[in-house]
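Asks: Structure incoming, see below.
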Amino acid sequence: MNATRRPVLVGTSSIEDSTLLATMLQREGVSCNVLNAKRDAFEAAIVAEAGTLGAVTIATNMAGRGTDIALGGADSNERNEVRSLGGLYVIGTNKHESARIDDQLRGRAGRQGDPGSSRFFVSLDDDLMLKYRIDQLLPAHILAECDAGPVTHPLVRAEINRIQRIVDGQNSEIKLTLTKYSSLIEKQRRFIHEKRAEMMSVNSAANFYMEKRPAGFHSFQTKFTSDEIDKVCRSITLFHMDHQWAQFLEMINDVREGIHLRSLGGQEPFIEFNKIVIEEFPKLLDQIEADCITTFDKLSIDGADLTLDSLGVKAPSATWTYLVTDKPFENMLGLQMIGNIGISVAAGLYWPIILLAIPFRRWKSKNLTRRDRTQSNIK
């Protein structure tokens, strides 16, 4: 294609692959541009010119997103010549687990009525093939054909498409489950966020302590300005809200990891999960209030200042994100069934491992450094 001066776009799955391929092409005397999504503005300009005569562009999946490839580039005189050559030629160096990613690469050619074509090159040694054991799904005579020459048999294409459909279906199920289990937590997060924003306003935090601890508050008023008192009260409140919210998320994450076991007792995991979340949230609010009052009662005066140094009140230094998935046993067995192992063998292999892994993960979680796990941003 390059010998005919037709522009070529090569899609790779990793920076390592794109760099290796560029080196090999340069050894063959083919000059090319390599885009690895490291410099967006610079690379967008290169992608825009990837449709010029003789251009060879190697890019990872994320490189040049959102930039149209105009045939002929900025030179409109070249447009007709590139069109006559067949337009942009897209090469995929491998198949991805998601067919959507393949389609996005393929869709870079033939846009807006322009001509174009694409071709994907696969090997039975690709990561996708090895991970899902396609060689175990294909008859011996087809494997022999693939070893001897191009991989063109329709059964290979059918198996790749089947695996992509299965993986896409599992990913969709995970996203739906994530949304389902996160919906109630999201409502609680918004409630906490509103309360936190309220505490950020002037005097809101101070008014809370003036109501709960009037004697102690008035004693500070005789020695400090309203701004100084409000700053300290706000720091105490925000610290305990952030700290307890992080603890709450950690507890909910532990519950979520084991809630599927409720199905063994005939209970619906999702309903039981929501029950626990609803029951625990008021306890969270009560604990925040109790901790705030306890810390306020321990406030000390250091010379002419109110000090929080000895109370461990400080801003968080990390953000933790908790993700959820559903039916882990079913997903594990499903992936094994793709590899033609069979339900009985898969169950026999994985159930002992799973039952051992659950208590180990919980033990490991409990022994992680508490300082890092609890210093969490409200986000």
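Asks: Select, from F220, F248, the only residue that is modelled with pLDDT under 85 and either buried (at least 18 other Cβ atoms within 10 Å of the Cβ) or closer than 17 Å to K283 by Cβ (or both).
Replies: That would be F220, the only listed residue that is modelled with pLDDT under 85 and either buried (at least 18 other Cβ atoms within 10 Å of the Cβ) or closer than 17 Å to K283 by Cβ (or both).
Asks: Please list, ordered by residue number, the helices (runs of 4 or more DSSP H) wholly in the range 2-101 having 3 or more residues that are in contact with a Gly (Cβ under 9 Å, 6 or more places away or on another chain) and at pLDDT 85 or above.
Replies: Result: 79-85.
Asks: Given the conditions (1) surrounded by 14 or more Cβ atoms within 10 Å (Cβ to Cβ); (2) out of contact with any strand residue (DSSP E or B) (no Cβ under 6 Å at 6 or more places or on another chain); (3) closer than 20 Å to A45 by Cβ, report the number of the one that A74 does not fulfil.
Replies: The one condition A74 does not meet is (1).
Asks: If a residue has to be basic (K, R) and free of Cβ contacts under 8 Å to residues at least 24 places away in the same chain to count, how many in the range 165-188 make the cut?
Replies: 2
Asks: Out of the range 1-34, which residues are among the β-branched types (V, I, T) and either out of contact with any Phe, Trp or Tyr (no Cβ under 9 Å at 6 or more places or on another chain) or surrounded by fewer than 18 Cβ atoms within 10 Å (Cβ to Cβ) (or both)?
Replies: Result: T4, V10, T12, I15, T19, T23, V30, V34.
Asks: Of the conditions (1) within 22 Å of T93 (Cβ to Cβ); (2) part of a helix (DSSP H, G or I); (3) open to solvent by 80 Å² or more (accessible area, probe 1.4 Å), H141 clears all except one; give me its number.
Replies: The single condition H141 does not satisfy is (1).
Asks: Go through the range 77-90 and give me each residue that's touching a Leu at 6+ places or on another chain (Cβ under 9 Å), touching a residue at least 12 places away in the same chain (Cβ under 8 Å) and surrounded by fewer than 20 Cβ atoms within 10 Å (Cβ to Cβ).
Replies: Selection gives E78, E81, R83, L85.
Asks: Another question about this same structure. All but one of (1) open to solvent by 30 Å² or more (accessible area, probe 1.4 Å); (2) farther than 23 Å from D297 by Cβ; (3) among the β-branched types (V, I, T) hold for T225; state the number of the condition that does not hold.
Replies: (2)
Asks: Let me ask something else. Residue check: is Q247 assigned to a helix (DSSP H, G or I) and within 30 Å of E186 (Cβ to Cβ)?
Replies: In short, yes.
Asks: Applying the selection to the range 102-123, what residues are under 14 Å from N161 (Cα atoms) and either open to solvent by 50 Å² or more (accessible area, probe 1.4 Å) or out of contact with any strand residue (DSSP E or B) (no Cβ under 9 Å at 6 or more places or on another chain) (or both)?
Replies: D103
Asks: Now for a different question. Residue under question is H260, and the condition is that it be in a helix (DSSP H, G or I), within 28 Å of the chain's Cα centre (by Cα) and surrounded by 15 or more Cβ atoms within 10 Å (Cβ to Cβ); does it hold?
Replies: Yes; evaluated as a whole, the condition is true for this residue.
Asks: Can I ask one more? Please go through the range 192-204 and give me each residue that is open to solvent by less than 80 Å² (accessible area, probe 1.4 Å) and modelled with pLDDT of 85 or more, ordered by number.
Replies: I192, R196, A197, M199, listed by residue number.
The values are calculated or read from the model by the stated rules, or taken from the named source; none is laboratory data. Since the model is a prediction, treat every value here as computed from it, not as a measurement. Cβ sites come from the backbone with ideal geometry, for glycine too, and all protein chains shown count toward neighbours. With ligands, DNA and RNA removed, areas are computed over all heavy atoms of the protein, side chains included. Shrake-Rupley method; radii C 1.70, N 1.55, O 1.52, S 1.80 Å.
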